[in-house]
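The values are calculated or read from the model by the stated rules, or taken from the named source; none is laboratory data. As the structure is a computational prediction, the values presented were derived from the model and not from experiment. With ideal geometry, Cβ positions are generated from the backbone for all residues, glycine too; neighbour counts draw on all protein chains shown.
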């Protein structure tokens, strides 16, 4: 609830902070200060922001129309005219990579936008009420979690069909499992805290206790888990598109571009290399930024 522990106060005072500083600082201000000291995380954040800006302004950044075919210039190697070469239909690979970034980022953000609320609600119910509610939700998590994520996603996509909206449904409706697990554990630790007992004594309803007191104290966990899950969503989308169950041609997707390049690996290796580099760069950026964010939001404050 924004109250500094005695240990935390002593550590910060040893660094020269006054009582006014301690009163005015919040968890997220402290986290941002620690995050800025993590050079790798900040570089990765910069990479993510740049890719996001490029994706948003793709029509202004892309040198060519990603759908425009040119049979006379098909399978061209990288050159000054086409930085990443052209594909089997003569389309500019660099332009298609830029537009493909839209798909990858959209899948990561929207999927977590679906998974996080479901995980928060079910995790809070299981952790706060316990009993049969906890038993039912925990068994559902265990059953669904016993299947490999990609296999479950493939089954869902086979049933509902390919397309970006169905990718949101398939990944979002499965991705809540990890969030629910984390939130449940956090709520179990917090539900007997003094501020919860004080809220009960003041007559607060269960709804108010959960969403005004418990959830805000779990936000750091939610943010970290969501950030770390985004690269997994990007990889799953690329895998589904590679297998023909995700984004459908002619819409650009990094996974489908690699799939289309399989027959030309020896002839034009750049056809598949550049989309692969794009996937690797974005996934590594999110992974390293997520690790840095987790360390910055660590309540133990081992490294100030």
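Is one or more of the residues making up the range 55-66 in contact with a strand residue (DSSP E or B) (Cβ under 6 Å, 6 or more places away or on another chain) and modelled with pLDDT of 85 or more?
yes
Take the conditions outside the structural domain of residue 213 (by TED's automatic domain parsing) and modelled with pLDDT of 90 or more and apply them to residue 71. Does it pass?
no
Being under 29 Å from residue 174 (Cα atoms), crowded, with 19+ Cβ neighbours inside 10 Å and modelled with pLDDT under 90 is true for just one of 141, 97. Which residue is that?
141
Given the options 45, 60, name the one that is in a helix (DSSP H, G or I), buried (at least 17 other Cβ atoms within 10 Å of the Cβ) and outside the structural domain of residue 269 (by TED's automatic domain parsing).
Of 45, 60, the one residue that is in a helix (DSSP H, G or I), buried (at least 17 other Cβ atoms within 10 Å of the Cβ) and outside the structural domain of residue 269 (by TED's automatic domain parsing) is 45.
Out of the residues in the range 110-132 meeting the condition of being surrounded by 14 or more Cβ atoms within 10 Å (Cβ to Cβ) and farther than 19 Å from residue 213 by Cβ, tell me which one is nearest to the chain's Cα centre (by Cα).
112
Would you check which residues across the range 54-75 are out of contact with any helix residue (DSSP H, G or I) (no Cβ under 9 Å at 6 or more places or on another chain) and over 25 Å from residue 282 (Cβ atoms) and list them?
Residues satisfying the conditions are 69, 70, 71, 72, 73, 74.
If we keep just the residues of the range 201-218 that are surrounded by 15 or more Cβ atoms within 10 Å (Cβ to Cβ) and part of a helix (DSSP H, G or I), which is nearest to the chain's Cα centre (by Cα)?
Within the range 201-218, the match that is nearest to the chain's Cα centre (by Cα) is 218.
Which number in (1) without any contact (Cβ under 8 Å) to a residue 40 or more places away in the chain; (2) part of a helix (DSSP H, G or I); (3) over 18 Å from residue 161 (Cα atoms) marks the one condition that residue 255 misses?
All conditions pass for residue 255, except number (3).
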